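Every number here is computed from the coordinates shown, using simple stated rules; none is lab data. Nothing here was measured: the structure is a model prediction, and the numbers come from that model. All Cβ positions, glycine included, derive from the backbone under ideal geometry; neighbour counts span all protein chains shown.
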Amino acid sequence: MSLRVLDHPLIQHKLTFIRDADTGPKDFRALTEEVAMLMAYEVTRNLPLEDVEIRTPMGPARTKVIAGKTLAVVPILRAGLGMVGGILELVPTAKVGHIGLFRDHDTWRPVEYYCKLPPDLAEREVIICDPMLATGGSASLAVKLVKERGGRTIKLMSLIAAPEGIALVQKEHPDVDIFTAAVDEALDPNAYILPGLGDAGDRLFGTR
Ligand code: PRP
Ligand code: URA
C-alpha cells in the first residue's frame with residue numbers, strides 16, 4: 001500500500017490555477033490534462049521494459065521498449081474524463097475503459113450507471129483516474145469493478161485527495177497505490193473537499 005504525493009513544482013503551480021474559482025472551463029480542462037500528463041510520467045515509472053534489437057544509422061543496437069501490453073486507463077465519469085487526454089499523450093497505445101458513477105446526494109454513496117472495460121485487464125496495468133478523492137466511495141467501488149473484471153495491478157490517480165478518501169481506499173484495497181497532487185485538509189458537511197476545487201465535473205463541463 002502506498003501513497004505518493006506528486007509535488008513537482010509544475011504540478012503544484014498548475015494545480016493552483018485549477019483550484020482558483022476564477023478559472024473557467026476552457027482553462028480548467030487544459031490544466032487538468034496537463035497535470036494528468038505530468039502525473040502519468042511518475043505513475044508509469046515502474047512499467048516493465050524488455051530488450052529489442054534495432055539498427056541506428058550507426059549500426060545495430062540493443063535497447064529497450066515497454067514490455068507486453070501497456071496500460072488501461074479507466075476514468076470515473078464524468079470528471080475522470082478530464083484526465084484521459086493527458087495520459088494518452090504519453091501512452092497513446094493505452095486502452096480506455098469507462099466507469100460511470102455518481103454520488104447520491106443524501107447518502108454520498110456511489111451509484112453505478114455504466115461500466116465498459118477492456119477485456120484483457122489482467123494483462124495490463126490499470127490506472128483509474130478521477131480528479132477528486134473525497135469520501136473515497138467512488139474510487140473504492142471503481143477499484144472493485146476493475147478487480148471483478150480481472151484487473152490485478154491497479155493504480156489510482158487523483159488531483160486532490162481528502163484524508164478520509166485515502167483512508168477508505170487503503171482499508172478496502174491495500175494493494176492499490178494512490179497517486180495525488182495534493183492531500184487537502186478535510187471534507188465539508190456535504191462531503192466536498194476543503195479547500196479543494198469545488199465540483200470537478202461541473203467545472204470541467206460548465207454545468208454549474
Ligand atoms: C465526483 C468526483 C468523484 C466523486 C468523489 O463525482 O468526480 O467521482 O465525486 O467523491 P467520493 O470520493 O466521495 O465518492 P460526482 O458524483 O460529482 O459525479 P460527476 O463526476 O458526474 O460530476
Ligand atoms: N466531488 C467533487 O467534484 N468535489 C469534491 O470536493 C467532492 C466530490
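Among (1) part of a strand (DSSP E or B); (2) near ligand 1 (Cβ under 9 Å from one of its atoms); (3) of a type outside the set (D, E, K, R); (4) buried (at least 21 other Cβ atoms within 10 Å of the Cβ), where does residue 139 come up short?
With (1) part of a strand (DSSP E or B); (2) near ligand 1 (Cβ under 9 Å from one of its atoms); (3) of a type outside the set (D, E, K, R); (4) buried (at least 21 other Cβ atoms within 10 Å of the Cβ) applied to residue 139, the lone miss is (1).
Can you find a residue that is under 23 Å from residue 31 (Cβ atoms), among the acidic types (Asp, Glu) and outside any strand (DSSP E or B) anywhere in the stretch 195-208?
yes
Exactly one condition in (1) touching a helix residue (DSSP H, G or I) at 6+ places or on another chain (Cβ under 7 Å); (2) over 24 Å from residue 153 (Cβ atoms); (3) surrounded by 14 or more Cβ atoms within 10 Å (Cβ to Cβ); (4) free of Cβ contacts under 8 Å to residues at least 60 places away in the same chain is false for residue 10; which is it?
Residue 10 satisfies every listed condition except (3).
Taking residue 154 as the residue in question, decide whether it is free of Cβ contacts under 8 Å to residues at least 40 places away in the same chain, out of contact with any Ser or Thr (no Cβ under 6 Å at 6 or more places or on another chain) and not charged (D, E, K, R).
Taking the combined requirement at face value, the residue satisfies it.
Only one of these conditions is not met by residue 88: (1) assigned to a strand (DSSP E or B); (2) under 25 Å from residue 10 (Cβ atoms). Which number is it?
So the condition that residue 88 fails would be (1).
Check 168, 156 and return the single one that is on the phi < 0 side of the Ramachandran plot, hydrophobic (A, V, I, L, M, F, W, C) and near ligand 1 (Cβ under 10 Å from one of its atoms).
168
Within the stretch 13-43, how many residues turn out to be of a type in the set (Ser, Thr, Tyr) and out of contact with any helix residue (DSSP H, G or I) (no Cβ under 7 Å at 6 or more places or on another chain)?
Summing the residues that are of a type in the set (Ser, Thr, Tyr) and out of contact with any helix residue (DSSP H, G or I) (no Cβ under 7 Å at 6 or more places or on another chain) in the stretch 13-43 gives 1.
Among the residues of the stretch 150-208, which ones are of a type in the set (Asp, Glu), within 15 Å of ligand 2 (Cβ to nearest atom) and loosely packed, with under 15 Cβ neighbours inside 10 Å?
185, 188, 199, 202
Looking at the stretch 197-208, I want the residues that are without any contact (Cβ under 8 Å) to a residue 40 or more places away in the chain and have a partner that is within 10 Å of ligand 1 (Cβ to nearest atom) and part of a helix (DSSP H, G or I) with Cβ atoms under 6 Å, at least 6 apart or on another chain. Which pairs are those?
208/202
Consider residue 64 carefully, then state whether it is in a strand (DSSP E or B), surrounded by fewer than 17 Cβ atoms within 10 Å (Cβ to Cβ), basic (Lys, Arg) and out of contact with any Ser or Thr (no Cβ under 8 Å at 6 or more places or on another chain).
So residue 64 passes the test.
Being buried (at least 22 other Cβ atoms within 10 Å of the Cβ), assigned to a strand (DSSP E or B) and hydrophobic (A, V, I, L, M, F, W, C) is the filter here, so list the residues in the stretch 95-132 that pass it.
If the condition is that a residue be buried (at least 22 other Cβ atoms within 10 Å of the Cβ), assigned to a strand (DSSP E or B) and hydrophobic (A, V, I, L, M, F, W, C), then 99, 101, 126, 127, 128, 129, 132 are the ones that fit.
Which of the residues that make up the stretch 52-61 are surrounded by fewer than 10 Cβ atoms within 10 Å (Cβ to Cβ) and of a type in the set (Val, Ile, Thr)?
Residues satisfying the conditions are 54, 56.
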